[in-house]
There are 2 protein chains.
Amino acid sequence: DYARSLNPSDPFSSDPERHPVLRINNLKPFNAEPPPEILSESYITPNVFFFKRNHLPVPRIDPESYKLTVEIQGPNRERGGALSLSLDDLKNKFPKHTVTATIQCAGNRRSDMHKAKQVKGLNWGIGAIGNGTWSGAKLRDVLLAAGYSPDDANWARHVQFEGLDQDVAGTTYGASIPLRKAISEDGDCLLAYEMNGEELPLDHGFPIRVIVPGTVGARNVKWLGKIIVSDVESSSHWQQNDYKGFSPSTDWDTVDYKTAPAIQELPIQSAITVPADGAIVDRSDEEVTLKGYAWSGGGREVVRVDVSIDGGKTWKIAQLKSSDKEQTAGAMAPPPGQAWAWKLWELTVPLPADTEEMEVVCKAVDSSYNMQPDSILPIWNLRGVLSNAWHRVKVKIQEEQDDQ
Amino acid sequence: DYARSLNPSDPFSSDPERHPVLRINNLKPFNAEPPPEILSESYITPNVFFFKRNHLPVPRIDPESYKLTVEIQGPNRERGGALSLSLDDLKNKFPKHTVTATIQCAGNRRSDMHKAKQVKGLNWGIGAIGNGTWSGAKLRDVLLAAGYSPDDANWARHVQFEGLDQDVAGTTYGASIPLRKAISEDGDCLLAYEMNGEELPLDHGFPIRVIVPGTVGARNVKWLGKIIVSDVESSSHWQQNDYKGFSPSTDWDTVDYKTAPAIQELPIQSAITVPADGAIVDRSDEEVTLKGYAWSGGGREVVRVDVSIDGGKTWKIAQLKSSDKEQTAGAMAPPPGQAWAWKLWELTVPLPADTEEMEVVCKAVDSSYNMQPDSILPIWNLRGVLSNAWHRVKVKIQEEQDDQ
Ligand SMILES: [Mo]
Ligand SMILES: [Mo]
């Protein structure tokens, strides 16, 4: 039935089925996010609800014949010395590690930026983020097996990834990360073959996705085909001419992609998932529970979330959750720089008596005491990435309507 | 003459002389900062102008009899196995390393916060920051010499530092940093005996100061007497009950120091050093050169500084300088996470024709694309630390006055 559904004139006909609740931002390639309230329903985002951000058609890869190539392009290296690993090799020749890490698209919350002033890109809401448990081989272990030695740090600065997804001209998706992140014991980069205890889904990179905790989704390359230790960054469009931040004064006439660094670690972020913008709450309920998520890149832990119900004039401190269970006070925090997973937050507030509209605002603080910027226009950029100003939703408070 | 000047009834009588240009925030203990324009005059801040932030009287330590104790407090360790190192040992038994790193006090720019709403603390302007070149033994090398082994990471989380400065009751200054920062090859922590090529000055910790690049000044303990690898943070007042960030809603009645993490890495910061707030520029000059500094903690490089002359409505991009020389285009950036030094910035703008007052604003961006918060009140905290909202100065533009 899968083979029957293939349409040779449509490269996207091999794409898998998706959950109907997803909000589709683009069909081909498929880009979709869950409704906000699903994000705060469980600490781990279920695979079917996890945002899908595809740049190209989903490739169908035969797990039996799949090979991952690992190449170290040193000045003194013999070429052709690349390591080639089957899926079985990755599963059986390397210890299996599991990491809980949040992945966020650089374009998450772009719609907020677009509303303030037009940007170019997929119109993501607040759902281009999810928290998963990833299992696989450590990238570090695989690089060492491929012959990486500490001396290579003298010339190598980057680890490039090539996807097996490609456009009609044969161009594949590609990205790179700093070598130090890839090779560090503490970097926790994985070549994942499982997502939330299940086989990695087709939309999320089956059979292998590189997980780069704390780093923008765009570098967590799916359908991984090749790894290259190199002195240069990936030459791909997405590394060189996309996924970079610019000043609000930079427009499409003046933009020079060489002047900005590729986005790697993401800044502090938070959003309100419940209630939705425009929701109506019943005055007779007397109180309302506000929910959301907060996360920061680079393994920086979220240490506080401030929530306002008066548009940012006064603030209360939300309760943070690092699991679906009750927090145990003695639970050991992750070591500094290894807090890869988001926190869900919650705050129950009495409904204010003197108003029919509440403007709910949230802002988070990470372990380096980085704060979110207050407003959008000063961080506006032409591609609408890095949209992390305070999140705001408006909620109406209404008296219960009598039917009589 | 030094001995003659000592006054037994004044513990501060042994303090050294200071440069008269420093602006004194407190005399005993001595706390002072340079005038802002001195900060942007040279990429390396001269020792005499470098801000002095003392918590206690400056101790006079005999370099001949000085001993640094290094203790590893493991569960399976014999007590009393501490390493004791003389100043000569530190200089001759360990390789000498040099690191250029900016040190900033947690209270830098507190006066801006105090102006918005009262806080408790020394009223620092924008000068509680400086950029120095530090030379000494690597903390990592000394910890390894003291018997630290990778297995210790299973129980140890912190490295504590005790100063030799003490109050009349004998309480010494103390602080701690995460073990990972202290032991990492890339952390670049030093036991410094030189500052800018000179012997470490008395005010800066003679004979030994621990330099913790990317980390708040308070953890860069001066007059270092003891290092302890431990499972717990320093129990000192300054680690436990000071140097922490809180919500704007936390006041002296509700503050619970246990709920907030000790400040370690500092967030993105920038300030305008020239012109000064309230300066008058001459209309006939036609243009004005704006100058300042920008820095971020955790080794995150400053990648852009945006400057506005209309109060933040529109922005221009400043030129960044990483030395006093002309920037060479091919100069290699520090590896990610090891950009310890600030950037000076400069921007020459035409004087606007239509106004007699310019509001100059600056905001910086680091390599994790962290941005400064727009305004002060939402980051206000009762101790006035972490004051890193956009910096603003007002400048008057006047027609040249004719004397006739
Ligand atoms: Mo993305
Ligand atoms: Mo400080």
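Read the figures in this text as sums done on the coordinates, not as results from a lab. Here the structure is a predicted model, which means the values were calculated and not measured. Neighbour counts run over all protein chains shown; Cβ positions are idealised from the backbone, glycine included.
Averaged over the residues of peptide B:362-368, the number of Cβ atoms from other protein chains lying within 10 Å of each residue's Cβ is 6.
The region of chain B that goes longest without hitting one of the GluC sites (Glu not before Pro) in a DSSP loop, each with at most 16 other Cβ atoms within 10 Å, is B:79-285.
With charges only on Cβ, +1 for K and R and -1 for D and E, what is the dipole size of the stretch A:276-404 about its Cα centre, in debye, rounded to 20?
Working: 14 positive and 21 negative charges, 223 e Å.
The dipole magnitude comes to about 1060 debye.
Please give the calculated 222 nm ellipticity per residue for chain A, where each DSSP H segment of at least 4 residues contributes -39500 (n - 2.57) and the sum is spread over every residue; nearest 500 deg cm²/dmol? So the helix-based figure for chain A works out to -2000 deg cm²/dmol. For the protein assembly as shown, would you read off the P(r) tail past 38 Å as a percentage of all alpha carbon pairs? The answer is 43 percent, as a whole percent. Past the 18 angstrom mark, what percentage of all C-alpha to C-alpha distances in the stretch A:192-251 do you count? Counting pairs separated by more than 18 Å, the tail of P(r) holds 48 percent. The eigenvalues of the Cα gyration tensor, multiplied by 5 and square-rooted, give the stretch B:1-134 an equivalent ellipsoid with semi-axes of 32, 21, 19 Å from largest to smallest. Listed by Cβ neighbour count within 10 Å, with the fewest neighbours leading, A:T100, B:T45 appear as A:T100, B:T45. When the P(r) of the stretch A:269-404 is calculated, the portion above 24 Å amounts to 36% of the C-alpha pairs. Shown for B:D354: label points 7 Å from Cα along the beta-carbon vector, and their distances to the equivalent points in the other copies, 3.9 nm in ascending order.
Restriction of the chymotrypsin sites (Phe, Trp or Tyr not before Pro) in the stretch B:147-248 to DSSP coil positions whose beta-carbon has at most 15 other beta-carbons within 10 angstrom yields B:W155. With Cα atoms defining each centre, the stretch B:257-272 and the stretch A:137-198 are spaced 32 Å apart in the structure.
A cut-off under 13 angstrom between Cβ atoms defines the neighbours of A:T250, and their net charge, with Lys, Arg +1 and Asp, Glu -1, is +3.
Evaluating kT/(6 pi eta Rh) at 20 °C and 1.002 mPa s, with the Kirkwood radius of chain A over Cα pairs in the Stokes-Einstein relation, gives 96 µm² s⁻¹. Reported to the nearest whole Å, the Cα centre-to-centre distance from the stretch B:114-132 to the stretch B:14-92 is 20.
Do the alpha carbons of any pairs in A:K222/A:K244; A:K313/B:K396; A:K258/B:K291; A:K313/A:K396; B:K291/B:K325 sit beyond 22 Å of each other, and which pairs?
On the way: A:K222/A:K244 20 Å; A:K313/B:K396 31 Å; A:K258/B:K291 25 Å; A:K313/A:K396 18 Å; B:K291/B:K325 16 Å.
Listed pairs above 22 Å: A:K313/B:K396; A:K258/B:K291.
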